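This report refers to the structure that appears directly beneath it.
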Amino acid sequence: MHALTPQQILTAWEAGLGQHPVERALTILLHASDGESGRALAELSLGERDRRLLHVREQTFGRALDAYAECGACAERLEFSLTTDSIRFHADKPASNGRLRVDEVELGLRPPDSNDLIALRSCTDAESARVRLIERCIVEPMKDGKAIAAGALPANVVAFAAARMTELDPQAEVLIDLCCPACKASQQILFDVPAFFWSEIAACAKRLLREIHLLARAYCWRESDILAMSAWRRQCYLAMVQE
């Protein structure tokens, strides 16, 4: 995985405008990959996908992350800063399948991937999506030595499997502890790595388009020539155009 070039930022942004957020994350990785197929990227565990996105983001925009959230108690804007290292889980090995036993039920469990999330788009509420995701990730459930359907598992087994999924792939769920300075309420938020990176790509793409517009109008340069310049050189020309 490598940094996105200005041309790749524009291309990824344009391609992702009409895509589902899960597909956008894969589009970013596809443009930053060294020849991996879209199918292979979609089969990465969500944690491995986000770990790679953090690496690409770090190579493209740096390590510092400036973000904000809304206080759930008083709606105050909560600004906070992180680094890519602070939310990166350093796993000794990639997420892998697990095996567990609950009472008389034994089953295999794998971490979810992007294909699983895409399959949830037809779900009408969060709870049905959660249950369907767990069922998709359960492998060969057995009860009393006989195969059973994942949808027939007892509720306590499903709950145990859900908790175990987080342990298998911790990078898939980055939680941030915040305290509101206005009302002092403590809260925990989910930091959505793909959504955050996409918002930065969108802002950068719009800024690049404006720079291209100004320089092309002033010098009649082609878009490809403008994008081939370093950011420093583009800013120097822009400063002269705007004098």
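The values are calculated or read from the model by the stated rules, or taken from the named source; none is laboratory data. In this text the structure is predicted, and so the values were computed from the model without any measurement. Cβ: placed from backbone, ideal geometry, glycine included. Neighbour counts: every protein chain shown. These accessible areas exclude ligands, DNA and RNA; they are computed on the full protein's heavy atoms, side chains included. Shrake-Rupley method; radii C 1.70, N 1.55, O 1.52, S 1.80 Å.
Here is a yes/no grid of residues against (1) at pLDDT 85 or above; (2) assigned to a loop (DSSP other than H, G, I, E, B); (3) acidic (Asp, Glu):
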| site | (1), (2), (3) |
| --- | --- |
| 121 | yes, yes, no |
| 127 | no, no, yes |
| 130 | no, no, no |
| 151 | no, no, no |
| 165 | no, no, no |
| 184 | yes, yes, no |
Here the qualifying pairs (Cβ atoms under 7 Å; residues six or more apart or on different chains; first in segment 34-46 and within 14 Å of residue 23 (Cβ to Cβ); second hydroxyl-bearing (Ser, Thr, Tyr) and surrounded by fewer than 20 Cβ atoms within 10 Å (Cβ to Cβ)) come out as 41/33
Taking segment 205-229 and keeping only residues that are assigned to a loop (DSSP other than H, G, I, E, B) and open to solvent by less than 60 Å² (accessible area, probe 1.4 Å), one is left with 229
Restricting to segment 110-144, give me the number of residues that are of a type in the set (D, E, K, R), open to solvent by 60 Å² or more (accessible area, probe 1.4 Å) and touching a helix residue (DSSP H, G or I) at 6+ places or on another chain (Cβ under 9 Å). 6
Can you tell me which residue is surrounded by the fewest Cβ atoms within 10 Å (Cβ to Cβ) among those in segment 156-185 that are farther than 21 Å from residue 65 by Cβ and of a type in the set (Gly, Ala, Ser)? 163
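Here's the yes/no breakdown for (1) open to solvent by less than 50 Å² (accessible area, probe 1.4 Å); (2) at pLDDT 95 or above; (3) out of contact with any helix residue (DSSP H, G or I) (no Cβ under 6 Å at 6 or more places or on another chain):
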site	(1), (2), (3)
13	yes, yes, no
18	no, no, yes
25	yes, yes, no
29	yes, yes, no
38	yes, no, no
Looking at 162, 205, 155, which is the one that is in contact (Cβ under 8 Å) with a residue 40 or more places away in the chain and of a type outside the set (Phe, Trp, Tyr)? 205
Given the structure, is residue 122 out of contact with any strand residue (DSSP E or B) (no Cβ under 6 Å at 6 or more places or on another chain) and free of Cβ contacts under 8 Å to residues at least 60 places away in the same chain? yes
Residue 232 being exposed (fewer than 11 other Cβ atoms within 10 Å of the Cβ), hydrophobic (A, V, I, L, M, F, W, C) and part of a helix (DSSP H, G or I): yes
Are any residues in segment 63-88 part of a loop (DSSP other than H, G, I, E, B), in contact with a strand residue (DSSP E or B) (Cβ under 9 Å, 6 or more places away or on another chain) and either open to solvent by 50 Å² or more (accessible area, probe 1.4 Å) or within 20 Å of residue 8 (Cα to Cα) (or both), and if so, which ones? 63, 72, 73, 76
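Test residue 5 against the stated conditions and say whether it is among the polar types (S, T, N, Q), surrounded by 15 or more Cβ atoms within 10 Å (Cβ to Cβ) and either touching a strand residue (DSSP E or B) at 6+ places or on another chain (Cβ under 9 Å) or on the phi < 0 side of the Ramachandran plot (or both).
Numbers: among the polar types (S, T, N, Q): yes; surrounded by 15 or more Cβ atoms within 10 Å (Cβ to Cβ): no; either touching a strand residue (DSSP E or B) at 6+ places or on another chain (Cβ under 9 Å) or on the phi < 0 side of the Ramachandran plot (or both): yes.
No; evaluated as a whole, the condition is false for this residue.
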